[in-house]
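Accompanying notes for the structure given below.
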């Protein structure tokens, strides 16, 4: 089953083969302001079919937020795989020494899937404001 996410104007179209294993809502200053709810995937599991007006915002250089420059839709992104080393509250997972994860992860804004009922999904809260 292929799921398709699009920005509001339809210029950006993203396909994934299934619902993500993990869906998170972060309260960092960016996610809070954009209202994004992120579904996380391995980079090879996300296909950007079209992105005619794609723009990237990467204030720290490590988290890349893609949005449509035509309608403003915050569609997808990529970042270090923070969840591989850190808990949702920002504490280190057992056995981790800290630092920057080497592996990257792709994220799709779940709000871009038309007719997806976010209230029916288990969404983990992430304290990005106090953790990163």
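Determine the pairs where a residue that is in contact (Cβ under 8 Å) with a residue 12 or more places away in the chain, located within segment 1-15, has a partner that is buried (at least 17 other Cβ atoms within 10 Å of the Cβ) and part of a loop (DSSP other than H, G, I, E, B) with Cβ atoms under 7 Å apart, the partner being 6 or more residues away or on another chain. Matching pairs, first to second residue: 7/73; 8/73; 12/73.
Residues in segment 34-55 that are over 21 Å from residue 102 (Cα atoms) and assigned to a strand (DSSP E or B): 47, 48, 49, 50, 51, 54, 55.
Checking the conditions here, which among 10, 61, 35 is within 25 Å of residue 127 (Cβ to Cβ) and either crowded, with 18+ Cβ neighbours inside 10 Å or over 14 Å from the mean Cα position of the chain (by Cα) (or both)? I'd like the intermediate steps shown before the answer.
Working: 10 fails: within 25 Å of residue 127 (Cβ to Cβ); 35 fails: either crowded, with 18+ Cβ neighbours inside 10 Å or over 14 Å from the mean Cα position of the chain (by Cα) (or both).
Only one candidate qualifies: 61.
Counting only residues that are in contact with a helix residue (DSSP H, G or I) (Cβ under 8 Å, 6 or more places away or on another chain) and not in a loop (DSSP other than H, G, I, E, B), segment 77-108 holds 5 of them. Would you check if there is a residue in segment 64-72 being assigned to a strand (DSSP E or B), within 16 Å of residue 128 (Cα to Cα) and at pLDDT 95 or above? The answer is yes, given that some residue of segment 64-72 is assigned to a strand (DSSP E or B), within 16 Å of residue 128 (Cα to Cα) and at pLDDT 95 or above.
Let me confirm something: among 87, 74, 109, which residue is under 17 Å from the mean Cα position of the chain (by Cα), free of Cβ contacts under 8 Å to residues at least 12 places away in the same chain and surrounded by 15 or more Cβ atoms within 10 Å (Cβ to Cβ)?
On the way: 74 fails: free of Cβ contacts under 8 Å to residues at least 12 places away in the same chain; 109 fails: free of Cβ contacts under 8 Å to residues at least 12 places away in the same chain.
Going through 87, 74, 109 in turn, the sole match is 87.
Out of 129, 104, I need the residue that is under 14 Å from residue 24 (Cβ atoms) and touching a residue at least 60 places away in the same chain (Cβ under 8 Å). Which one?
Answer to the check: 129.
The values are calculated or read from the model by the stated rules, or taken from the named source; none is laboratory data. Since this is a predicted model, take the numbers as computed values, not measurements. FYI the Cβ positions are ideal-geometry reconstructions off the backbone, even for glycines, and counts take in every protein chain you see.
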